[in-house]
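Values in this text are rule-based calculations from the coordinates and carry no lab data. Owing to the predicted nature of the structure, the values given are computational and were not obtained by experimental measurement. All Cβ positions, even for glycine, are placed from backbone atoms using ideal geometry, and neighbour counts span all protein chains on display.
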Amino acid sequence: MTDTVPETKRPPVEDWATDFDHTHPDYAANAPEIWDDLRERCPVAHTERFGGAWLPTKAADVRAIAEDTDRFTSRSIIVNDFRPDPELAPRGFAPPITSDPPFHQEARRLLLPPFSPKVIAEWEPMARETCRQLLDQIEADLRDGQDITDAAVTYTQHIPVRVIAKMLGLPEEDGDKFRVFIHRILETPGQHDEIGPDETLVAYLSEKIRERRESGADGDDLISYLLTVEGPDGNPLSDEHVFGTIALLLIAGIDTTWSAIGASLWHLAQHPDDRRRWVEDPGVRIFAIEEFLRFYAPVTMARLAAEDTEVGGCPVKKEDWLLLSFPSYNRDPEAFEQADEFVIDRARNRHSAFGLGIHRCLGSNLARLELTVAVEEWMARFPDFELSDPETVRWSTGQVRGPRCLPVRILDGAS
Amino acid sequence: MRITYDRDVCQGHNRCYQLAPELFDVDDEGYAVLLVTGEVPAELEKKAQLCADNCPEFAIEVTE
């Protein structure tokens, strides 16, 4: 499979146990096989890259790190060549994901109500309409004689962008910009030539926040909410806090869900039995969605060691990175029966796709809604489809893994 | 069948509320609220088991 991997400046990896690089295209293409191999022979892999990082692959080790916020800090959660300024603690760049207790709890509590399941359920009609509009366009293109569409480009990438833009009160036409910011920050961190100051996420969001503040911040969008909400001390949030949280909502809400939708379609394209079951048995869908999330969990988090410590018997030094591979957790046979099989009606599924412990994905209800609606609407329109060229499917590098190129051929369902 | 729920362990994954709204509600912050006082109605035993088997934080237990 590696012959189709794009060119990279990253040095080749000799041994994934001692020199892993999750930003290398080989990792993106073969991650599940790499985790399975490591779990057998070296369950806590190491690399000197990024200034020293560890990759635990067993569920028990991942859970232990996620639950221990004393030994492992969230001051930065994207592994790259630079350690974040300790002065940023306890808030971190993007609260609450980069915050440690007790600050974390206060920052998170402000955001829980707008992301609670009952409030998120109100977004369903908008998400569904977004999917239908995209499918209308794909169908129109198909009538022009095409039978192939790149679902990553024509469908999956747009759904979370449009929903989060609406929630934040940002123009949905800016979606291309959002994706550029995200690609730089999440998929290829620290691997860029100089970026013009006007082209950064900081410049973009600073301008939008300034505009919103000047116009009175009286909308029902999340930027207005953050500009007007009272912080734990009874005062408005600091500018840095507002900025960091909006950056978080924008970054975390997009390519994660885009990846989950894409991986689910990638699976369905190759499994006619699962497609048939989805169509004929609506009761299976609630289980199928969680199995997509288990088997294709897109997000790997990270921590920094707050002190010299050990993980799974390995000596971890203060300021070493630790990747929290929730995707590898989800395929550990010690945590799941038939861990390496996709079981569409799996009834016992304590997957960790949304993380574990106090940093459980704030947007999980939104992500689950978007994934469910996106797969339902796709399957209602195109119940039969296949990969048109499996070799050209390309998976993203870094800590969010999903198909970025997903050409599918629509079969007779298109008529 | 009896069911117990530990609010201190719950992180608001909302799997239980999604699988069995007859047994669990959620509060304004998205944390689960157990709706029955220990004993599970016979017709909801299967759903109670599902809630326990799908809680990522092991916050729910059922016992025969």
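Looking at the stretch A:189-202, can you tell me whether even one residue there is surrounded by 21 or more Cβ atoms within 10 Å (Cβ to Cβ) and part of a helix (DSSP H, G or I)?
No.
So, A:I344, is that one over 30 Å from A:G52 (Cβ atoms) and within 11 Å of chain B (Cβ to nearest Cβ) or not?
Answer is no for this residue.
With the structure loaded, tell me whether A:E172 is within 14 Å of chain B (Cβ to nearest Cβ), more than 30 Å from A:R83 (Cβ to Cβ) and surrounded by fewer than 15 Cβ atoms within 10 Å (Cβ to Cβ) or whether it fails that test.
No.
Residues B:A48, B:A52, B:A59: which one is touching a Leu at 6+ places or on another chain (Cβ under 8 Å) and over 20 Å from A:L369 (Cα atoms)?
Of B:A48, B:A52, B:A59, the one residue that is touching a Leu at 6+ places or on another chain (Cβ under 8 Å) and over 20 Å from A:L369 (Cα atoms) is B:A48.
Mind counting the residues in the stretch A:347-382 that are away from chain B (no Cβ under 14 Å) and either under 21 Å from A:D281 (Cβ atoms) or touching an Asp or Glu at 6+ places or on another chain (Cβ under 7 Å) (or both)?
10
In the stretch B:36-47, is there at least one residue being under 24 Å from A:R360 (Cα atoms), more than 10 Å from every other protein chain (Cβ to nearest Cβ) and not charged (D, E, K, R)?
Within the stretch B:36-47, not a single residue is under 24 Å from A:R360 (Cα atoms), more than 10 Å from every other protein chain (Cβ to nearest Cβ) and not charged (D, E, K, R).
Go through (1) over 30 Å from A:E376 (Cβ atoms); (2) out of contact with any Leu (no Cβ under 9 Å at 6 or more places or on another chain); (3) within 14 Å of chain B (Cβ to nearest Cβ) for A:F82 and report which single condition fails.
Tallying (1) over 30 Å from A:E376 (Cβ atoms); (2) out of contact with any Leu (no Cβ under 9 Å at 6 or more places or on another chain); (3) within 14 Å of chain B (Cβ to nearest Cβ), A:F82 fails exactly one: (3).
Condition first: away from chain B (no Cβ under 14 Å), crowded, with 21+ Cβ neighbours inside 10 Å and assigned to a loop (DSSP other than H, G, I, E, B). Can you find one or more residues in the stretch A:141-157 that meet it?
There is at least one residue in the stretch A:141-157 that is away from chain B (no Cβ under 14 Å), crowded, with 21+ Cβ neighbours inside 10 Å and assigned to a loop (DSSP other than H, G, I, E, B).
Identify, by number, the condition in (1) buried (at least 20 other Cβ atoms within 10 Å of the Cβ); (2) part of a helix (DSSP H, G or I) that A:A94 doesn't meet.
(2)
Does A:T73 satisfy being more than 14 Å from chain B (Cβ to nearest Cβ), over 17 Å from A:R360 (Cβ atoms), touching a Lys or Arg at 6+ places or on another chain (Cβ under 8 Å) and buried (at least 21 other Cβ atoms within 10 Å of the Cβ)?
yes
Scan the stretch A:307-328 and give yes if some residue there is assigned to a helix (DSSP H, G or I) and either over 14 Å from the mean Cα position of the chain (by Cα) or within 12 Å of another protein chain (Cβ to nearest Cβ) (or both), otherwise no.
Yes: the stretch A:307-328 contains one or more residues that are assigned to a helix (DSSP H, G or I) and either over 14 Å from the mean Cα position of the chain (by Cα) or within 12 Å of another protein chain (Cβ to nearest Cβ) (or both).
Let's see how each residue does on (1) part of a loop (DSSP other than H, G, I, E, B); (2) of a type outside the set (K, R):
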| residue | (1), (2) |
| --- | --- |
| B:R7 | yes, no |
| B:Q11 | yes, yes |
| B:Q18 | no, yes |
| B:D25 | no, yes |
| B:T37 | yes, yes |
| B:L44 | no, yes |
| B:K47 | no, no |
| B:A52 | no, yes |
